[in-house]
């Protein structure tokens, strides 16, 4: 069996496509998270594969679906951006052989194929469709939504998992070599910290609009506060530490003007959702959360780091595409969970869609107002990556839970949670979803 | 007077990952009358909360890059920073004019005899 990446035809990456043809016909009905940890401890029952099986089975149970009825699996095979098995280090055969294997020995440890999942979930007897939505959950979600809408599957698991290994992130694998072909050599081998490109864009943003780094403090504090209310999150589980404005302003620079707390912490985690048709969703355990539309950004920067102008133009286009696909205006959006890892992305995404009418250059002023979950303008109620660690999926879980009113302590109280938007990661390359309490909003 | 700055993660038992230095060790050196505190990448509020949790009154809690400020603020004959990272502890400590010790070197040292 070979699983392919989703074709570009499954993404809505142009403006002018109109309302999504499957608007309100696909719903999220189940959520499952695996255990979250900082790094893998080398045991079989905490491996990437193990925590992903837990997440998938929890999503199935949460939805109240018979596993035999599941006919689709959408996921991402890559499970890291910076933690690679050290060359020459002996493979962990005891862990590998604790599960049904594929041709790739580290499948289930530092990568995760659909084949591995299906070999280790014998209960998925009805699966007939697998596809990869590469990069992150944002991608897998739009692919799964499109697949169900197009009739490629009717009941589909959506999975994203991340592994993390001992040692320093971004300093192993190809980055440990003496040479890398192409532009990654400039970026990874001889380059600056990962956040530097965003820091350059943010610096230009501050110059253009007369803002400063300290103005990010309320956003960071709010994000961590919300994240500490996310029971599955890293910080909530392992180090329940707030970031006060004082903490934020005192942190050391990583790539000025991006400091330590402008970076998210790499973790091991896994999340799964169960999507199905609106028709089937009506008969399941949880309140369905309908997908009104999805949109994708495929921006082409002219240079090594996208300029502020390119970022702003692309984010505005993504916002227009998402609203167009969903058939709503931004005034209909109850709350936003746009990506924050790096947090200096967030204002670009938020201004792009014009959340609460915020125009380019106004987000940092908006952060100085009440952006809490109890106010009228909740910003990132999930807390995102800053609130719970690098997963790129807290924002999606939160959208579903807010609308189902299952967000617990994070539940927004200042607005009716009717429509939420989530997505990312990059301002010039990502995938976005509009979620709704009703199929025909 | 001796001043000792402790890194947390990878250095103290409370760290993530835990280090070899116990809170009793910190109490012991403080009992010698030394100035003690933490210099870590953890939020300053979290550093303060950690010390309070253990009932240890410290003289300073600062972010990782602020050892020079500590030196400016406190008069001491010798300044030590104890940490577990070459790049984030040893080099900045030495640049700030601190003596640097790895955690295991700190436990082996006869602190009761002074410097």
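Each reported figure results from applying straightforward, stated rules to the coordinates on display, with no laboratory input. Keep in mind that what you see is a predicted model, and the values were worked out from it rather than measured. A quick note on method: Cβ atoms are made from the backbone with ideal geometry, for glycine too, and the neighbour counts reach across all protein chains shown.
Diffusion coefficient (Stokes-Einstein, Kirkwood radius over C-alpha pairs, 37 °C, 0.692 mPa s) for the stretch A:130-264: 178 µm²/s, rounded to a whole number. Across chain A, the relative contact order, built from alpha-carbon pairs under 8 Å that are at least six residues apart, equals 24 percent. Kirkwood radius and radius of gyration were both taken over the C-alpha atoms of the stretch A:1-51, and their ratio Rg/Rh is 1.17.
Build a GNM of chain B with springs between Cα atoms under 10 Å apart, and of B:41, B:84, B:24 the one that fluctuates most is B:24.
Rg then Dmax, both in Å and based on the Cα atoms of chain A: 20.4, 59.
Each Cα pair under 8 Å and six or more residues apart adds its separation to the average, and for the stretch B:1-62 the resulting relative contact order is 31 percent.
Please list the three semi-axes, largest first and in whole Å, of the ellipsoid equivalent to the stretch A:224-294, using sqrt of 5 times the eigenvalues of its alpha carbon gyration tensor. After scaling each eigenvalue by five and taking roots: 37, 15, 12 Å.
Evaluated at q = 0.11, 0.17, 0.19 Å⁻¹, the base-10 log of the normalised Debye intensity for chain B, with identical point scatterers placed on the Cα atoms, takes the values -0.28, -0.73, -0.94.
As a rough footprinting exposure proxy, the listed residues A:124, B:67 were ranked by other beta carbons within 10 Å of their own, and the order from fewest upward is A:124, B:67. Over all distinct alpha-carbon pairs, what is the Kirkwood Rh of the stretch A:239-365 in angstrom? Computed over Cα pairs of the stretch A:239-365, the Kirkwood hydrodynamic radius comes out at 17.6 Å.
Reported to the nearest whole Å, the Cα centre-to-centre distance from the stretch A:178-204 to the stretch A:1-40 is 29. Taking other Cβ atoms within 10 Å as a rough exposure proxy, B:102, A:162 sort from fewest to most as B:102, A:162.
Taking only the alpha-carbon positions of the stretch B:1-62 and ignoring solvent, what does the Debye formula give for the base-10 log of I(q)/I(0) at q = 0.14, 0.22 Å⁻¹? Values, matching the q order: -0.32, -0.84. In the stretch B:49-94, inverting the average of 1/r over every pair of distinct C-alpha atoms gives 12.0 Å as the Kirkwood radius. Panel note: the C-alpha atoms of the stretch A:1-116, placed on their principal axes, show extents of 53, 34, 31 Å (largest first). Computed over chain B with a Gaussian network model linking Cα atoms closer than 10 Å, the most mobile of B:64, B:30, B:95 is B:95. Remark: spin-label model distance residue A:2-residue A:374 equals 5.7 nm, labels positioned 7 Å along the Cα→Cβ axis. Taking B:43, B:92, B:103 in turn, the Gaussian network model of chain B (Cα-Cα springs below 10 Å) assigns the largest fluctuation to B:43. The convex hull drawn around the Cα atoms of the stretch A:58-195, when projected onto a plane and averaged over every direction, covers 10.5 nm². Here is how the number arises for the protein assembly as shown: DSSP H runs of 4 or more residues each give -39500 (n - 2.57), the sum is divided by the residue count, and the result at 222 nm is -8500 deg cm²/dmol.
Of all DSSP-defined beta bridges confined to chain A, some 70% are antiparallel rather than parallel. Separation of the stretch A:54-82 from the stretch A:265-341 is 20 Å, based on Cα centroids. Summary of the geometry: the stretch A:109-158 and the stretch B:9-83, compared by the centres of their Cα atoms, lie 48 Å apart. Where Rh denotes the Kirkwood radius from the mean inverse Cα pair distance, what is Rg over Rh for the stretch A:328-441? Using Cα coordinates only, the ratio equals 0.92. Fewest neighbouring Cβ atoms within 10 Å first, the residues A:17, A:157, A:73 line up as A:17, A:73, A:157.
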